[in-house]
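Engineer: Here's a structure for you.
The values are calculated or read from the model by the stated rules, or taken from the named source; none is laboratory data. All values reported here derive from a predicted model rather than from experimental measurement. So basically every Cβ, Gly included, is an ideal-geometry build from the backbone, and we count neighbours across all protein chains shown.
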Amino acid sequence: MTTSSSSTPLDSIAFIGGGNMASAIIGGLIAQGLSAGRIVVVEPFEAAREALHKNFGITALAQAGAELAAARTVVWAVKPQTFKQAAQAVAPHTREALHLSVAAGITTHSIAQWTGTGRIVRAMPNTPALVGKGMTGLFARPEVDAAGKTLIESVIASTGQHVWVEKEDQLDAVTALSGSGPAYVFLFLEAMTQAGVDMGLPQAQAYQLAVATFQGASELAARSDEPASVLRERVTSKGGTTHAAITHMQATQVPEHFVQAMRNAESRAKELAAEFGK
């Protein structure tokens, strides 16, 4: 994997699908200075179109049309099961564009067949993108040149950090790790909060303590050159309170179960590709 960050001026951009992830990117682009007039969204649900127009002042279409031909970049933010159908309507207008897909599981091979172009970057973002703290894995087909990658980076930069992977199947691992990862954090937050309540703390206070602990520990890890194992050992004095908790987790194979859970997520990502990528 390689990491990088850069920006380049954006021309017009089209979004196919106007859900949470599309909204996160749109909001970030507008905050970066992109004019709302350069953004168009195809979104079949009227309530979603009205919300997009109200929140961002952008053009939202009920279906694909000639308006898409002006887009230099097309962002696919549709559900995997509707991608192929959507592409059939969009492809005639966007074959000259650079395509960015944030649809889980759909391979660039399938997207190339459906859109009629190989200029495709596939992305696996996560929900912290909604607050500008996302992590996105990116894979580019050989047809995407350096300028195209830079253009995609300028789009993704509005949502947080990114990494480029060298092989497309590595995105399944990204999906299991960071794509699904926020749910793992939320699960631990639920458990930590419940433990706090069980030990006598008010729920709001227990939740505040749990959230702040994750935020602080993550920031400490991000700023440190040392691996997580060393950071963990530094707060795990033998015979102490942390040691009592960690040894219980290890004895009940919590780490091993966690790794297996992520492998299950990876397997499901592969299944989605096989199921919806035909």
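Engineer: For Ala140, state whether it is in contact with a strand residue (DSSP E or B) (Cβ under 8 Å, 6 or more places away or on another chain) and in the same structural domain as Ile25 (by TED's automatic domain parsing). Explain how you work it out, then say what you get.
Structural biologist: Numbers: in contact with a strand residue (DSSP E or B) (Cβ under 8 Å, 6 or more places away or on another chain): yes; in the same structural domain as Ile25 (by TED's automatic domain parsing): yes.
Answer is yes for this residue.
Engineer: Give, as residue ranges, the helices (runs of 4 or more DSSP H) completely inside region 165-278 that count at least 1 residues that are touching a Lys or Arg at 6+ places or on another chain (Cβ under 9 Å). Give the derivation first.
Structural biologist: Numbers: elements: 170-174, 181-198, 203-223, 228-234, 241-251, 254-276.
Qualifying helices (runs of 4 or more DSSP H): 170-174, 241-251, 254-276.
Engineer: Surrounded by 12 or more Cβ atoms within 10 Å (Cβ to Cβ) and either among the acidic types (Asp, Glu) or within 18 Å of the chain's Cα centre (by Cα) (or both): does that describe Gly181? Please lay out each step first, then the result.
Structural biologist: On the way: surrounded by 12 or more Cβ atoms within 10 Å (Cβ to Cβ): yes; either among the acidic types (Asp, Glu) or within 18 Å of the chain's Cα centre (by Cα) (or both): yes.
Criteria met by Gly181.
Engineer: Just give me the residues in region 89-113 being in contact with a Pro (Cβ under 9 Å, 6 or more places away or on another chain) and either among the aliphatic types (A, V, I, L, M) or at pLDDT 95 or above (or both), in sequence order.
Structural biologist: Val102, Ala103, Ala104, Ile106 - these are the residues of region 89-113 that are in contact with a Pro (Cβ under 9 Å, 6 or more places away or on another chain) and either among the aliphatic types (A, V, I, L, M) or at pLDDT 95 or above (or both).
Engineer: Turning to a different aspect of this structure: Hey, any hits in region 204-217 for a residue that's surrounded by fewer than 16 Cβ atoms within 10 Å (Cβ to Cβ), within 24 Å of the chain's Cα centre (by Cα) and closer than 30 Å to Pro80 by Cα? Don't jump to the end; show me each part of the working.
Structural biologist: Step one: filter region 204-217 for residues surrounded by fewer than 16 Cβ atoms within 10 Å (Cβ to Cβ), giving 204-205, 208-209, 211-217.
After this cut, where a residue has to be within 24 Å of the chain's Cα centre (by Cα) as well, the list is 211-217.
Right, trim to closer than 30 Å to Pro80 by Cα and you get none.
Scanning region 204-217, I find no residue that is surrounded by fewer than 16 Cβ atoms within 10 Å (Cβ to Cβ), within 24 Å of the chain's Cα centre (by Cα) and closer than 30 Å to Pro80 by Cα, so the answer is no.
Engineer: From the list Val102, Val75, pick out the single residue that is in contact with a Phe, Trp or Tyr (Cβ under 6 Å, 6 or more places away or on another chain) and within 23 Å of Phe276 (Cα to Cα).
Structural biologist: Testing whether each residue is in contact with a Phe, Trp or Tyr (Cβ under 6 Å, 6 or more places away or on another chain) and within 23 Å of Phe276 (Cα to Cα) leaves just Val75.
Engineer: Can you tell me which residues in region 71-82 are surrounded by fewer than 15 Cβ atoms within 10 Å (Cβ to Cβ) and either at positive phi or in a helix (DSSP H, G or I) (or both)?
Structural biologist: Gln81, Thr82
Engineer: Output the residue which, of all residues in region 30-42 that are in a helix (DSSP H, G or I) and at pLDDT 90 or above, is nearest to the chain's Cα centre (by Cα).
Structural biologist: Step one: of region 30-42, the residues in a helix (DSSP H, G or I) are 30-31, 36-38.
From what's left, at pLDDT 90 or above: 30, 36-38.
Numbers: Ile30: 19, Ala36: 23, Gly37: 25, Arg38: 23 Å.
Looking at residues that are in a helix (DSSP H, G or I) and at pLDDT 90 or above, I get Ile30.
Engineer: Consider region 110-139. How many of its residues are farther than 17 Å from Thr175 by Cβ, of a type outside the set (Val, Ile, Thr) and out of contact with any helix residue (DSSP H, G or I) (no Cβ under 6 Å at 6 or more places or on another chain)?
Structural biologist: The number of residues fulfilling the criteria is 5.
Engineer: Let me ask you something else. Go through the residues of region 128-141 one by one and say whether even a single one is part of a loop (DSSP other than H, G, I, E, B) and free of Cβ contacts under 8 Å to residues at least 40 places away in the same chain. Before the answer, list the steps.
Structural biologist: So in region 128-141, the residues part of a loop (DSSP other than H, G, I, E, B) come out as 132-133, 141.
Subset that is free of Cβ contacts under 8 Å to residues at least 40 places away in the same chain: 133, 141.
Within region 128-141 (the criterion being part of a loop (DSSP other than H, G, I, E, B) and free of Cβ contacts under 8 Å to residues at least 40 places away in the same chain), the answer is yes, since at least one residue qualifies.
Engineer: Testing Ala123 on (1) in a helix (DSSP H, G or I); (2) of a type in the set (Gly, Ala, Ser); (3) under 19 Å from Met262 (Cα atoms), one condition comes back false. Which one is that?
Structural biologist: With respect to (1) in a helix (DSSP H, G or I); (2) of a type in the set (Gly, Ala, Ser); (3) under 19 Å from Met262 (Cα atoms), Ala123 is out only on (1).
Engineer: Could you go through region 107-115 and let me know if any residue there is out of contact with any Phe, Trp or Tyr (no Cβ under 9 Å at 6 or more places or on another chain) and among the polar types (S, T, N, Q). Steps first, please.
Structural biologist: Filtering region 107-115 for residues out of contact with any Phe, Trp or Tyr (no Cβ under 9 Å at 6 or more places or on another chain) gives 107, 109, 112-113.
Now narrow it down to the ones that are among the polar types (S, T, N, Q): 107, 113.
Yes, there is a match, as at least one residue in region 107-115 is out of contact with any Phe, Trp or Tyr (no Cβ under 9 Å at 6 or more places or on another chain) and among the polar types (S, T, N, Q).
Engineer: Could I ask something else about it? Quick check, is Lys167 at pLDDT 95 or above, of a type in the set (Lys, Arg), in the same structural domain as Pro92 (by TED's automatic domain parsing) and closer than 21 Å to Ser267 by Cα?
Structural biologist: On the way: at pLDDT 95 or above: yes; of a type in the set (Lys, Arg): yes; in the same structural domain as Pro92 (by TED's automatic domain parsing): yes; closer than 21 Å to Ser267 by Cα: yes.
It is true that Lys167 is at pLDDT 95 or above, of a type in the set (Lys, Arg), in the same structural domain as Pro92 (by TED's automatic domain parsing) and closer than 21 Å to Ser267 by Cα.
Engineer: Let me ask something additional. Does region 192-210 include one or more residues that are closer than 30 Å to Leu171 by Cα, hydroxyl-bearing (Ser, Thr, Tyr) and modelled with pLDDT of 95 or more?
Structural biologist: The answer is no; no qualifying residue exists.
Engineer: Related question: Looking at region 156-214, which of the residues that are touching a residue at least 24 places away in the same chain (Cβ under 8 Å) and of a type in the set (Val, Ile, Thr) is nearest to Val144 (Cα to Cα)?
Structural biologist: Going through the qualifying residues, I end up with Val165.
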